[in-house]
Amino acid sequence: MDIRKLTVELAVSKQIAASDLRALAQAGFRAVVCNRPDGEGADQPTFSEIEAAARQHGIEAHYLPIESGKVGDSGAARFGELMRELPKPVLAYCRTGMRAATLWALSEAPLRALPEIITTAAAAGYDLSALTRRIANSGKVPVDVAVASHDIVIVGAGAAGVATAASLLARDRHLDIAIIDPADIHYYQPGWTMVGAGVFKPEVTARKMAALLPRQVHWIKAAVAAFEPEQNAVILKGCRIVNYKQLIVCPGLKLDWRAIEGLADTLGKNGVTSNYRYDLASYTWQLVQELKGGRALFTQPPMPIKCAGAPQKAMYLSSDYWQRSGRLGRIDVEFYNPGAALFGVTDYVPALMEYVKRYDIALNFGFTLSAIDGPAKMATFMRTLVDGTVETVTRAFDMIHVVPPQKAPDFVRASTLVDKTGWVDVDPATLRHKTYPNIFALGDVTNTSNAKTAAAARKQAPVVAHNVLAALGKVSGVAAYDGYGSCPLTVERGKIVLAEFLYGGKVAPCMPTWLIDGKRPSRLAWFLKKRILPPLYWHGMLRGREWLVQPELIG
């Protein structure tokens with residue numbers, strides 16, 4: 001038998017035989033559902049045979065025959081009723097298991113998110129992507145679907161999405177562009193590190209989306225449920241369809257707070273904080289000010305993450321405050337990183353190590369945060385030893401700054417746009433999808449090897465804008481992204497190590513080294529971070545002004 005588990009209550013399989021019922025009973029199954037009509041195949045036992053064998057072994061058997069390719073709304077509804085009524089666990093079967101999996105998906109559509117259904121089925125070996133519209137429509141066959149259509153559709157109104165729309169319009173004011181995003185507020189996320197250090201007020205990092213988007217852009221204020229690239233369609237929640245000629249995917253990434261046991265329940269209290277959330281950055285500053293002594297932990301999750309330097313920035317700025325206020329000698333500062341190095345580009349490590357020594361920070365490499373007990377103020381880390389065994393280490397804390405694991409949004413990971421690691425699969429230079437030529441992606445959601453930073457999105461946006469227009473036949477040549485990323489590492493209040501690099505970790509400063517030497521802490525780099533970059537973001541990048549980021553044409 002080829003039994004594939006969908007949930008703790010349901011498994012599906014291909015055709016079973018009467019002789020299989022003993023093994024099913026021994027495996028704990030208490031009911032079976034036949035979704036294959038009698039007589040469909042020459043080698044197929046009748047349901048009566050299955051039912052008689054099931055009865056002998058104390059298993060309930062029910063007959064819900066569905067013709068191949070004809071799963072109707074009523075059949076899905078009846079399957080849902082059986083799943084509520086029958087003793088669990090249940091095995092549903094048909095010729096291959098596909099009809100049973102389909103019935104489960106459609107019956108669960110009103111209760112579960114579309115990406116969850118698609119990924120659950122895929123994990124069991126069933127591709128239900130052809131059902132995306134129907135699942136999005138609560139499992140029912142769509143009857144009256146409102147369809148919008150635009151030349152260019154952008155999924156995501158974060159830094160990458162708005163910057164790309166602005167760059168497109170800077171080239172052609174008459175383009176038909178739509179941006180899909182349900183958010184009311186747009187955030188300048190690079191500013192949250194400064195909020196966590198008491199430098200910025202949180203409200204200066206937020207603006208209303210309606211006032212920020214270019215006037216010529218159609219704003220579709222909705223959440224995306226799925227992609228149908230073969231049909232040039234984006235499916236919104238509620239089964240509204242948006243068609244496109246060119247699609248740009250840049251919804252950012254998902255902060256997986258629940259990947260760390262206990263974290264979601266203690267965030268914002270018990271000394272547990274994170275600058276990766278707007279409403280928690282102020283709590284970071286509160287904790288830093290209130291801590292008089294004890295142990296402060298700072299953690300980093302496995303890569304990739306957005307702004308890989310941010311976990312350290314919080315640590316350095318906090319340590320600087322404690323040093324200036326005369327408390328650092330009473331506070332043990334520890335950094336836990338699953339990787340093997342302090343920073344991915346080795347040229348900047350010596351300058352950072354000077355501050356590690358200055359603040360007497362204990363570096364712990366190879367450690368991944370796995371659980372937090374907030375009330376007990378205990379953090380649990382996992383480390384894989386040389387012999388392959390996994391060691392568990394528990395540390396008490398008075399304050400802990402946590403950065404959660406990160407991945408592409410669920411609706412992206414459940415699509416055919418991603419590679420095996422779950423990120424949108426694009427050419428690293430052109431940012432064009434490797435399979436679908438009318439789809440581009442940029443920002444944090446791609447599988448490119450650059451740092452996931454706002455500086456990278458600023459450099460990518462003009463490249464995508466040019467290449468989309470080239471795909472529409474409006475311009476010639478191909479633009480290329482060189483992997484540029486920037487990470488202003490705030491090592492103390494008033495000084496920054498300005499890391500700038502291309503693909504492969506090649507150092508690539510935008511300014512002459514006599515003005516800002518990125519390998520050394522710089523006051524001018526601090527001024528740039530504090531005074532220049534915020535207005536450059538709001539009034540330059542998001543307005544299509546491509547200062548220092550004009551795309552290079554390679555063909």
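None of the figures in this text is laboratory data; all of them are computed from the coordinates on show. The structure displayed is predicted, hence computed values, not measured ones. Cβ placement follows ideal geometry from the backbone for every residue including glycine, while neighbour counts extend to all protein chains displayed.
Compute from the Cα atoms of the chain the Rg and the Dmax, the latter being the longest Cα-Cα distance, and quote both in angstrom.
27.0, 87
From the cross-link list 292/313; 201/529; 313/519; 452/529; 237/269, which pairs have alpha carbons spaced over 22 Å apart?
The answer is 237/269.
Measure nothing but the geometry: give the 0 to 90° angle between the long axis through the Cα atoms of 47-56 and the longest principal axis through the Cα atoms of the chain, rounded to 10°.
Between helix and principal axis, roughly 80 degrees.
Apply the Karplus parameterisation 6.51 cos²θ - 1.76 cosθ + 1.60, with θ equal to phi minus 60°, to every residue of the range 149-161 and state each ³J(HN,Hα) to the nearest whole Hz, in sequence, with x for glycine and proline.
Once rounded to whole Hz, the list reads 9, 9, 5, 10, 10, 10, 9, x, 10, x, 4, 5, x.
Can you pull out the chymotrypsin sites (Phe, Trp or Tyr not before Pro) in the range 506-555 whose DSSP state is coil and whose Cβ has at most 16 other Cβ atoms within 10 Å?
514, 547
What are the extents of the Cα atoms of the range 422-485 along their three principal axes, in Å, largest first?
Taking max minus min along each principal axis of the Cα atoms, the range 422-485 gives 31, 23, 13 Å.
Determine the gain in length on full extension of the stretch residue 7-residue 40; use 0.36 nm per residue of separation and subtract their C-alpha separation, reporting nm with one decimal.
Full extension of this stretch gives 9.1 nm more.
Taking each pair of distinct Cα atoms in the range 308-412 once, what is the resulting Kirkwood hydrodynamic radius in Å?
Computed over the range 308-412, the radius equals 15.4 Å.
How far is helix 349-358 tilted, in degrees, relative to the longest principal axis of the Cα atoms in the chain, given as a value from 0 to 90 rounded to the nearest 10?
Long axis of 349-358 versus the principal axis of the chain: about 70 degrees.
Rounded to whole Å and ordered largest first, report the semi-axes of the equivalent ellipsoid of the range 65-220 derived from its Cα gyration tensor (root of 5λ).
They are 43, 22, 13 Å, listed largest first.
Long-range amide H contacts for residue 475: which residues qualify at under 5 Å (H placed 1.01 Å from N, peptide plane, sequence gap of 5 or more or a different chain)?
Amide H to amide H, under 5 Å and 5 or more residues apart or across chains, residue 475 pairs with 470.
For the chain, take the longest principal axis of its alpha carbons; what is the angle in degrees between that and the long axis of helix 73-85, to the nearest 10 within 0 to 90?
90 degrees
Where does the Debye-calculated log10 I(q)/I(0) of the range 373-468 sit at q = 0.13, 0.19, 0.20 Å⁻¹, using only Cα point scatterers of equal weight, no solvent?
Scattering profile of the range 373-468, log10 relative to I(0): -0.66, -0.89, -0.94.
At q = 0.18, 0.22, 0.28 Å⁻¹, what base-10 log of I(q)/I(0) does the Debye formula yield for the range 296-336 when every alpha carbon is treated as an equal point scatterer in vacuo?
-0.52, -0.69, -0.94
Between residue 211 and residue 52, what is 0.36 nm times their sequence separation minus the Cα-Cα distance? Round to one decimal in nm.
50.4 nm
Order 71-82, 448-459 from most to least packed using the mean count of other Cβ atoms within 10 Å.
Descending packing order for the listed peptides: 448-459, 71-82.
Of the listed peptides 385-398, 308-321, 332-345, what is their order by residue-averaged count of other C-beta atoms within 10 Å, with the highest listed first?
Most protected by this proxy first, the peptides run 308-321, 332-345, 385-398.
Using a Debye calculation, one point per C-alpha and no hydration shell, please list log10 I(q)/I(0) for the range 206-328 at q = 0.16 Å⁻¹ in order.
For the requested q values the scattering log ratios are -0.96.
In the chain, what percentage of the DSSP-assigned beta bridges are antiparallel, given to the nearest 5?
Restricted to the chain, the bridges split so that about 45 percent are antiparallel.
Each residue of the range 198-215 in order: what ³J(HN,Hα) in whole Hz does its phi give by Karplus 6.51 cos²θ - 1.76 cosθ + 1.60, θ = phi - 60°, with x for Gly and Pro?
Rounded to whole hertz, the list is x, 8, 10, 7, x, 5, 6, 9, 10, 9, 5, 4, 4, 8, 9, 5, x, 4.
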